[in-house]
Amino acid sequence: MSFRIPCPQCGERSVYEFRFGGEYSIRPQPGADEDEWYQYNFVRRNEMGSQTEWWYHRLGCRQWLRAVRETRTNKVIRAYFPDETEQTDRGPGES
Amino acid sequence: MRQLFRNDRMWRAHELKGAYDIVIIGAGVHGLATAYYLGRRYGVRKIALLDKGYLGYGASGRNTAILRSNYRTPEGVRFYNASLKLYEELSAELGWNLLFSQCGHLTLGHTDTAVAGLRVRAETNQLLGVDSRIIYPAEIQKLVPHIDCSDRPRYPIMAALYHPPGGIIRHDAVVWGLARACDRMGIEIHPLTEATGVRVARRRAEAVLTNRGEVAAGTVVNATAGWASTICKMAGVSMPIVTPPLQACVTEPLKPFLDAVIVSASLHVYVNQTGRGELVIGSEIDPYQSYSMKGTLPTLEQMASSALELFPQLHNIRVLRQWAGICDMTPDFAPIIGRCEELDNFHVDVGWGTYGFKAAPAAGRYLAELIATGKVPDIIAAFSPERFRRRRLVGEKAAAAVSH
C-alpha cells in the first residue's frame, strides 16, 4: 500500500520524503501546572482512526505541515499549513 | 484414530461466563504467561483470557523469536535475565518442546561510538552475572564463518558484543505450550472475543464488554501489544504510548550455515536462521505511527541491502514472506507493568515495543505475583505506570530496532 501525503506546496509525494513529527497537541501556556506538562510531554492519544499530526517535508519545500490521517489505512484525508492566526506551537524541531 | 486426536486438544472452547476472578485482555504470550503463573504459583483458576483474533495472531506470532538479556540498564538486564532463565526451564515445565536454541547472540559495532556503547553493556552485563563480552573480527569470523568481516563494506565490523546464552525459540510453540498448560489448569481461553469496552464504577474496572457479552471481573489485566492505548482508553486510562509498525521478512530455506543471532544497530537489521533453514530478517521500526500491518517495499529493500552488507553471498536468495507487527513504544524504551493509579483493579502489561516476546515469562510471573499478593515485586518496580509522572524514566538504550 502506498502511503502518500498531499503537500499543500509540492503536491502528492511519498511518505519517505517527509519526517513524522508526532501527533498534534497544544503546548501548555507558561505557568501551566505539572499535570498539564506531563500530559503534553508524555501522554499520547495514539488514535486508531483519524488523527491530526505534524509532518516535515524534508525532501521538498522543507516546511512543517499538518495532516489528518486515518492511522489504520495510512490514507491522508487532508494536509495543510497551520494557519498563523490559530493557536499553535511551532512543531517539533528537526533532530 | 479420530478419537485419539479429539482427546488431545491443546485447549478447549468454552461458553463465556458472566464473571471471573481475573479477566485478561489479550491471549498472547504475555496474557498466557500471566495466567499460567497465576494458576501454577498462586492457585488462581477462575481466569478468562480474551483475544480478538486467534492465538498468536498479534505480536506473539510476528516477532523474530530472539531471546537475550544483554541490555544496557541494570533494571533491564536483571529483568530480561530472569526471563531468559524462565525460558530455559519452560520446555521441561510445560512438557512441550519449545525448540529453544541458545546459539549465541552477536551485536555488531561498526563505529567507535557503537563499540563504546557495547562496552558499557558488556560491563553492566558482567556486573549482574550475565554472560556477555566484547569480541573482535577474528573471533567473530570463527563463530560466524560466512559473515563479511573484511574492510569491503562501507562500515566494516569493528567488534561485537557476544552473548552466548542468547538465541532463538519457536514462538508459536511458546504460545501453544502455555495455552495448553493454562487449559489443563482450568483457565479459559476465549479466542475471537473482542473487548469493546470496559465498565468503570467507583474507581474499579467492574466488567469487560465483549462481542460475546459482558464479563464481570475482580481484576482486569490489559496484556495487549499494539492495542494497549485503545484498551486503556476504554477504561479511561491514558498511556504514554505510540504505535509504529515493525517489519520483518523470511527467505527461502538454505542449508544450515548461520548458528548465531546477528544484530547490527548501525545497519538497522538483525538476522537469524531458523531450524527449517529460513533466514529471518528484521528491520527498524517504521518512522511513523500506524495501525496498518502491511509491509512496505522501501523497508524490504532496506532489510535486503543491510543483510547483504553482512552476508553478500545471499544476493540470489528469494524472500518468501514479509509482514509487519505493531509495537507499543514508550518514551524510555522500557515496558509499563503494574496497577494503574486511576483504577484500583486495572493492571497493565503493555508498552512492550520491540522487546516483548523475550520478556513474557518474567512479565507474567511478576505480574502474577503483583496481582496475587498486592505487592509490587522489586524486579518490576522500575517499570511502573506512574514513573513518567514522577520523572523516573528507565532509558533502555539497547532495545532492538530503534535508533537513539
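Quick notes
- Spherically averaged projected area in nm², based on the convex hull that wraps the Cα atoms of the stretch B:63-107: 3.7 nm²
- Kirkwood hydrodynamic radius computed over the stretch B:279-340 comes to 14.0 Å, based on all pairs of distinct alpha carbons.
- 3J(HN,Hα) along the stretch B:156-172, derived from phi through the Karplus expression 6.51 cos²θ - 1.76 cosθ + 1.60 where θ = phi - 60°, amounts to x, 6, 9, 6, 8, 8, 9, 10, x, x, x, x, 10, 9, 7, 5, 5 Hz, with x in place of Gly and Pro.
- Along each principal axis, Cα extent of the stretch A:1-50, largest first, Å: 41, 25, 16
- Spatial separation of Cα centroids for the stretch A:38-76 and the stretch B:211-239, in angstrom: 25 Å
- 10 Å Cβ neighbours from other chains, averaged over peptide A:40-52: 6
- Per residue, the convex hull volume that the Cα atoms of the stretch B:21-155 enclose (Å³): 166 Å³
- Computed magnitude of the charge dipole of the stretch B:17-147 (debye, nearest 20; Cβ of K, R +1, Cβ of D, E -1): 340 debye
- Peptide A:65-77 has a mean of 2 when you count, residue by residue, the C-beta atoms of other protein chains within 10 Å of its C-beta.
- The stretch B:310-404: trypsin sites (Lys or Arg not before Pro) falling in loop per DSSP and having at most 14 other Cβ within 10 Å: B:R318, B:K375, B:R390, B:R391, B:R392
- Student exercise, chain B dipole from Lys, Arg, Asp, Glu Cβ charges, in Debye to nearest 20: 760 debye
- Ranking B:L99, B:I134, B:A160 by how far each Cα lies toward the positive end of the dipole of chain B (charges on Cβ) leaves B:L99 at the top.
- Percent of Cα pairs exceeding the 42 Å cut-off, where the set is chain B: 12 percent
- All Cα pairs of the protein assembly as shown, percent lying beyond 37 Å: 29 percent
- Under a model in which nothing but the beta-carbon of Lys, Arg (+1) and Asp, Glu (-1) is charged, the stretch B:306-404 shows a dipole of about 200 debye around its Cα centre.
- Residue by residue, the stretch B:226-231 carries 3J(HN,Hα) couplings of x, 10, 4, 5, 4, 5 Hz when phi is fed to the Karplus relation 6.51 cos²θ - 1.76 cosθ + 1.60 (θ = phi - 60°); x denotes Gly or Pro.
- With only Cα atoms counted, the stretch B:262-404 has Rg and Dmax values of 18.2, 57 Å.
- Compactness of chain A is given as radius of gyration and Dmax, 14.0, 45 Å, from Cα positions.
- Considering only B:Q247, B:Q322, B:Q141, the Gaussian network model of chain B with Cα springs below 10 Å gives its largest mean-square fluctuation to B:Q141.
- Hull volume in cubic angstrom per residue (convex hull over the Cα atoms of the stretch B:167-281): 162 Å³
- Across chain A: Cys residues that no other cysteine approaches within a C-beta distance under 4.7 Å: A:C61
Where a number appears in this text, it was derived from the coordinates with a stated rule and is not lab data. Quick caveat, the model's predicted, so the values are computed rather than measured. Don't worry about glycine lacking a Cβ; one is built from the backbone with ideal geometry, like all the others, and counts go over all protein chains shown.
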